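Working notes for the structure below.
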Amino acid sequence: MIQYLIVCPLVFLAGLVDSIAGGGGLISLPGYLIAGVPAYMALGTNKMSSTIGTLVSTARLLKHGYLKGKMVIAGISAVFAMTGSVLGAHIALRVPDSVIKHMMIVILPIVAYYVLRNKNMGENEKNGTVSKRQVGLISIAASFIIGAYDGFYGPGTGTFLILVFTGAARLDMRTAAAQTKVINLSSNVSAFVTFILTGNVCYTLGAAAAVCSVAGHYLGAGLVVHDGHRIVRPMVLLVLAILFIRILSGN
């Protein structure tokens, strides 16, 4: 029961944050570990709850038509993200993760500075100024590169996708969030299947956590729908701060 009392509230908070700005795993995975769930079992059970929660937030954003006319681009980008993730995982077997951690110590403050300066986060007159072909190329390239990062290291993947989609591809915040969710969902499903096949999922705890994750994702997706960049920007900064602290702490 203590495990449920620790995991469920943290998974709800993670779902809320993840549906808005990505990076929910920075909150949920430590929750499983704090509760005493073994590492591999924690990874698999966390993937179960996050996959189900992400499905809900993705469906809610798609229901509002934020990817109307862009589903093909999102689908192709998801495939490239999964390909990049596999490549990143193979690289991770050969390169110490300390390399990427040291890189992130430099990159994260720069990204945070960009977010602080960009007060509108995809809600300005430059929306839609990039051609559909360029949006597709940017989305595919970003999905592959950030997908490789996800396979190699992982934390903050959704946040980085949102920043690229709003910054380089000039998508509005809601469309960027919806496209990010489609990509995240595809990678979550593939990872979840892997953990199922290796027997690293605690289904009872995962089911309870999934209910909390669904509630968090549903509420968070609603906030994106109604508040857009006003709620996303501070959440992105929160995720970046958590990630930076986690890297510095060496955990």
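Numerical summary
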| read-out | value |
| --- | --- |
| Residues that are among the aliphatic types (A, V, I, L, M) and open to solvent by less than 10 Å² (accessible area, probe 1.4 Å), drawn from region 172-190 | 173, 176, 177, 178, 183 |
| Residue 92, sole failed condition from (1) at pLDDT below 85; (2) open to solvent by less than 60 Å² (accessible area, probe 1.4 Å); (3) aliphatic (A, V, I, L, M); (4) under 19 Å from the mean Cα position of the chain (by Cα) | (4) |
| Selection within region 1-31 - assigned to a loop (DSSP other than H, G, I, E, B) and more than 20 Å from residue 192 (Cα to Cα) | 1 |
| Test: residue in region 223-239 that is modelled with pLDDT of 85 or more, within 24 Å of residue 104 (Cβ to Cβ), crowded, with 16+ Cβ neighbours inside 10 Å and of a type outside the set (Val, Ile, Thr) | yes |
| Exclusive hit being open to solvent by 20 Å² or more (accessible area, probe 1.4 Å), under 15 Å from residue 154 (Cβ atoms), of a type in the set (D, E, K, R) and at pLDDT 85 or above, set 18, 97 | 18 |
| Count of residues meeting criterion [within 17 Å of the chain's Cα centre (by Cα) and free of Cβ contacts under 8 Å to residues at least 60 places away in the same chain] in region 202-236 | 1 |
| Selection from region 32-61 of residues that are surrounded by fewer than 22 Cβ atoms within 10 Å (Cβ to Cβ), over 17 Å from the mean Cα position of the chain (by Cα), of a type outside the set (A, V, I, L, M) and part of a helix (DSSP H, G or I) | 40 |
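The values are calculated or read from the model by the stated rules, or taken from the named source; none is laboratory data. Only a predicted model underlies this, so the values are computations on that prediction, with no experimental measurement involved. Reconstructed Cβ throughout: ideal geometry from the backbone, glycine too, with neighbour counts over all protein chains shown. For the accessible areas, the whole protein counts, side chains as well, though only heavy atoms, and no ligand, DNA or RNA atoms are used. Shrake-Rupley method; radii C 1.70, N 1.55, O 1.52, S 1.80 Å.
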